[in-house]
Amino acid sequence: MYNAPYNIVIRGYGYETGSQLLTNEDVMEDFSIRIKSSFLDKNVGSKTRYFLSDDACTSDLATRAAERALRCANLSVNDIDRLILATSTGDYLSPSTACVVQHKLGGKGFPAYDVGAACSGFIYAVDQAIRSVATGDKHVLVIGVDVRSRTLDKSNKRTAFLYGDGAGAVVISQQHQNQSDQLNQLNQLNQHQPGFIASHLYADGSGHDAVFVPSVGSAVSSGQTTATLTMPNGRRISENAGVGIPSLCQDLLAKTDYTLEDIDFFLFHQPNLFLLESVLLELNIAPHKTLVNFPSKGNTVAASVPIALSEAGEQGLLKTGDLVLLCAVGGGFTGGAHLLRWSGREVFA
């Protein structure tokens, strides 16, 4: 559990997707892949996804998501004390995409940097944001963004239909006393403070070669110097996710007095539909206690959890006082989970 007051909350949220909507048939045509639609329906579960247009870049998606999160939080970029951006498909190898986004937002002066933890990147970045607020920052902007379409092997049927491009952002803030007083009134029945309660992060480097995108630092002799997604064994990835998400949830809750039955809403990374459904079944999570967007958006990597969070918030699925659990696993292997009590946007109106 955090050694900090529990009134560190998500104040605002927002998301953006690529502008190009592609059906499975569009991908088949664009990638010159021949595969039966029935196979995709039974084994992947994707229907559509959004790809970034050729004239746009990762920082464009991240900036638009950030602008929406700032508006939701009723803040400007000048109120931000720190910007943390999670991605594995940045504009450049150097400098950080966070610096580019800071500039596009019109900000200057506050620290801005990238975090790399693949699909777990947003969860890792949120952990850093919470600790930053606990030690003095007032408002931290956290963005998860990936443009996986730019790294796809167009001849690989196993990965071509899995991914989409997107960005999700949140503003993590310390609540002021008057806001806490409002929340105490809103939550007088359960008498619980809002905010982050516990975090659990994980890594197992033995999985570093399970799914990867080579970069300029790769050994030239390996022959892997192009930025193309490589997944030698998809089953290895699926098994890690299938075991990892339930284990992370249990490890997180072991740090608290709560059980799975106490959680009001779950927001999971969405690697593919059937893997996600198997996790929900194993954890006995009812459909109304989660949001599944993989069929319409695909696996958006570091953006997966914040996009789902933003959609849930916009649809009114997250109620003030709800216990919400965020969880993701990713390449590396990495993983993490957070537990928070939802604050509700009305407090900041």
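In the chain, helical runs assigned H by DSSP with n ≥ 4 each contribute -39500 (n - 2.57); averaged across all residues and rounded to the nearest 500, the mean residue ellipticity at 222 nm is -9500 deg cm²/dmol.
Packing-wise, with mean Cβ within 10 Å as the measure, how do 34-45, 77-88, 306-317, 126-137 rank, highest first? Walk me through the numbers before you get to the answer.
Numbers: 34-45: 13.6, 77-88: 23.7, 306-317: 20.8, 126-137: 19.1.
Peptide ranking by packing, descending: 77-88, 306-317, 126-137, 34-45.
The residue among LEU229, VAL77, ALA286 whose Cα reaches farthest toward the positive pole of the charge dipole of the chain, with charges on the beta-carbon of Lys, Arg, Asp and Glu, is LEU229.
Protection proxy ranking of 272-283, 255-266, by the mean of other Cβ atoms within 10 Å over each peptide's residues and highest first, is 272-283, 255-266. In sequence order, region 12-28 has phi-based couplings of x, 8, x, 8, 8, 10, x, 8, 9, 8, 10, 7, 4, 5, 5, 5, 4 Hz under the Karplus curve 6.51 cos²θ - 1.76 cosθ + 1.60, θ = phi - 60°, and Gly or Pro positions carry x.
Close amide H partners of TYR163, meaning residues 5 or more places away or on another chain with modelled amide H under 5 Å apart, are ASN299. For region 136-170, the residues whose amide N sits under 16 Å from a probe point set 7 Å from the Cα of PHE39 along the beta carbon direction are 154-162.
Could you check the simple spin-label distance between SER206 and ASN74, using points 7 Å along Cα→Cβ, in nm with one decimal? Result: 5.1 nm between the two label points.
List, in the order given, every pair from LYS47/LYS104; LYS42/LYS157; LYS154/LYS297; LYS108/LYS319; LYS47/LYS319 whose Cα-Cα distance in the structure shown is over 23 Å.
Numbers: LYS47/LYS104 33 Å; LYS42/LYS157 14 Å; LYS154/LYS297 18 Å; LYS108/LYS319 35 Å; LYS47/LYS319 29 Å.
Over 23 Å apart, Cα to Cα: LYS47/LYS104; LYS108/LYS319; LYS47/LYS319.
A protection proxy built from the mean count of other Cβ atoms within 10 Å ranks the segments 197-210, 13-26, most packed first, as 13-26, 197-210. Label separation (ARG235 vs LEU21): 3.8 nm, computed from points 7 Å beyond Cα along the C-beta direction. For the chain, the Kirkwood radius over C-alpha pairs fed into Stokes-Einstein at 25 °C and 0.890 mPa s yields D = 121 µm² per second. Here the Karplus relation 6.51 cos²θ - 1.76 cosθ + 1.60, evaluated at θ = phi - 60°, turns the backbone of region 258-274 into coupling constants of 9, 10, 4, 5, 7, 6, 8, 8, 10, 10, 10, 4, 10, x, 7, 5, 6 Hz, with x for every Gly and Pro. Each residue of region 136-153 is assigned a 3J(HN,Hα), and the resulting list reads x, 5, 8, 9, 10, 8, 10, 10, x, 8, 8, 10, 5, 4, 6, 10, 6, 7 Hz, derived from the Karplus form 6.51 cos²θ - 1.76 cosθ + 1.60 (θ = phi - 60°), x at Gly and Pro.
None of the figures in this text is laboratory data; all of them are computed from the coordinates on show. These numbers come from a predicted model, not from an experiment. Cβ sites come from the backbone with ideal geometry, for glycine too, and all protein chains shown count toward neighbours.
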